[in-house]
Amino acid sequence: MDPILELKDICLSYHSMEGEIPALSHISFTVEKGEFVALVGPSGCGKSTILNLIAGLITPEGGSVLLEGKPAQESDLYVGYMLQKDHLFEWRTLWQNVMLGLEIQKKVTPERKARVMQLLEDYGLGGFRDVRPSQLSGGMRQRAALIRTLALDPAFLLLDEPFSALDYQTRLKVSDDIGTIIRREQRTALLVTHDISEAISMADRVIILTAGPARIQKEVPIRLSVSERTPMSSRSAPEFKTYFNEIWKELNTDAQA
Ligand code: ADP
Ligand code: MG
């Protein structure tokens with residue numbers, strides 16, 4: 001079976017007034033269905049560019065992006081995208097916000113409405129349907145943003161530093177909630193983060209990128225001996241620290257190069 005995502009030898013430069021900025025250099029990796037993969041790398045190395053390629057928002061100069069074996073731009077696989085800012089609209093209630101994607105795509109059906117209702121119930125937002133975003137905590141807003149993305153039933157989730165606007169305590173709680181939801185809903189996900197602990201706690205595999213133009217420095221499969229894996233339980237696994245040191249060292253080797 002084809003992997004759900006395959007990047008083959010991707011090269012890309014941005015062209016600006018100042019000249020050419022090489023962003024990605026010969027990037028190849030795959031993601032299997034149901035896998036949770038984290039991409040880590042220094043700021044400005046090209047992580048968001050990789051997500052934009054997968055979402056089909058930009059095209060590579062060289063190489064190919066395949067979703068279930070088909071070029072990303074021809075694929076009818078629905079890719080959900082979650083960003084650092086939650087982009088909830090203050091003039092809409094929580095319910096109207098989480099239904100927005102379905103409305104825009106004219107996909108509102110009684111079944112889909114019931115599913116979104118259930119997601120809100122399951123993830124602690126059932127009592128807040130008529131509330132405006134400003135009345136919700138940062139963590140509730142991120143959960144709402146994820147539910148709005150899940151409402152469209154994406155086969156693949158792209159998460160671009162979704163927790164970086166939150167304070168440390170909230171960030172731990174929200175990454176635990178979001179990681180648990182994504183696993184329970186059996187989604188395939190690619191998370192961009194510059195937080196090594198977050199990557200290890202959430203992912204099945206961590207891909208380390210070099211400073212820009214990004215190349216792949218190393219891929220590290222994460223195997224933790226915890227009985228039920230959640231981001232929070234992962235942090236207390238005996239192997240956690242070893243992975244942290246390994247990845248930290250890889251990132252620093254690159255900085256010194
Ligand atoms: P990251 O998400 O890892 O911080 P990005 O993918 O956003 O990095 O950017 C990679 C590099 O490409 C950076 O040097 C950035 O300044 C540059 N870049 C990103 N988008 C554009 C653009 N639209 N035009 C020109 N340069 C860009
Ligand atoms: Mg970025």
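The values are calculated or read from the model by the stated rules, or taken from the named source; none is laboratory data. What you see is a predicted model, and the numbers here were worked out from it, not measured in a lab. Heads up, the Cβs are rebuilt from the backbone with ideal geometry, glycines too, and the neighbour counts pull from every protein chain shown.
Table for the structure above
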item	result
Residue in the stretch 43-64 that is farthest from ligand 2 (Cβ to nearest atom), counting only those that are out of contact with any strand residue (DSSP E or B) (no Cβ under 8 Å at 6 or more places or on another chain) and either without any contact (Cβ under 8 Å) to a residue 24 or more places away in the chain or at negative phi (or both)	59
Residue match in the stretch 102-109 (condition: more than 16 Å from ligand 2 (Cβ to nearest atom), within 20 Å of residue 187 (Cβ to Cβ) and among the basic types (Lys, Arg))	yes
Some residue of the stretch 83-99 being surrounded by 13 or more Cβ atoms within 10 Å (Cβ to Cβ), touching a strand residue (DSSP E or B) at 6+ places or on another chain (Cβ under 7 Å) and under 16 Å from residue 158 (Cβ atoms)	yes
Failed item, numbered, when residue 38 is tested on (1) on the phi < 0 side of the Ramachandran plot; (2) within 16 Å of ligand 2 (Cβ to nearest atom); (3) over 16 Å from the mean Cα position of the chain (by Cα)	(3)
Some residue of the stretch 61-78 being in contact with a Gly (Cβ under 9 Å, 6 or more places away or on another chain), surrounded by fewer than 18 Cβ atoms within 10 Å (Cβ to Cβ), polar (S, T, N, Q) and closer than 25 Å to residue 198 by Cβ	no
Scope the stretch 10-27; condition of a type in the set (Val, Ile, Thr) and at pLDDT 95 or above; matching residues	10, 27
Count of residues meeting criterion [under 30 Å from residue 137 (Cα atoms), within 16 Å of ligand 1 (Cβ to nearest atom) and either surrounded by 21 or more Cβ atoms within 10 Å (Cβ to Cβ) or among the small types (Gly, Ala, Ser) (or both)] in the stretch 171-223	7
Strands (runs of 3 or more DSSP E) (entirely within the stretch 1-102) containing at least 1 residues that are more than 22 Å from residue 148 (Cα to Cα), within 16 Å of ligand 1 (Cβ to nearest atom) and charged (D, E, K, R)	19-31
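The rows are residues; the columns are (1) within 16 Å of ligand 2 (Cβ to nearest atom); (2) aliphatic (A, V, I, L, M); (3) at pLDDT 95 or above.
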{"site": "156", "(1), (2), (3)": "no, no, no"}
{"site": "161", "(1), (2), (3)": "yes, no, no"}
{"site": "165", "(1), (2), (3)": "yes, yes, no"}
{"site": "206", "(1), (2), (3)": "no, yes, yes"}
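Per-residue answers, yes or no, for (1) among the polar types (S, T, N, Q); (2) closer than 19 Å to residue 118 by Cα; (3) within 16 Å of ligand 1 (Cβ to nearest atom); (4) free of Cβ contacts under 8 Å to residues at least 24 places away in the same chain:
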site: 132; (1), (2), (3), (4): no, no, no, no
site: 138; (1), (2), (3), (4): no, no, no, no
site: 144; (1), (2), (3), (4): no, yes, no, no
site: 148; (1), (2), (3), (4): no, yes, no, no
site: 153; (1), (2), (3), (4): no, yes, no, no
site: 157; (1), (2), (3), (4): no, no, no, no
site: 161; (1), (2), (3), (4): no, no, yes, no
site: 164; (1), (2), (3), (4): yes, no, yes, no
site: 169; (1), (2), (3), (4): yes, no, no, yes
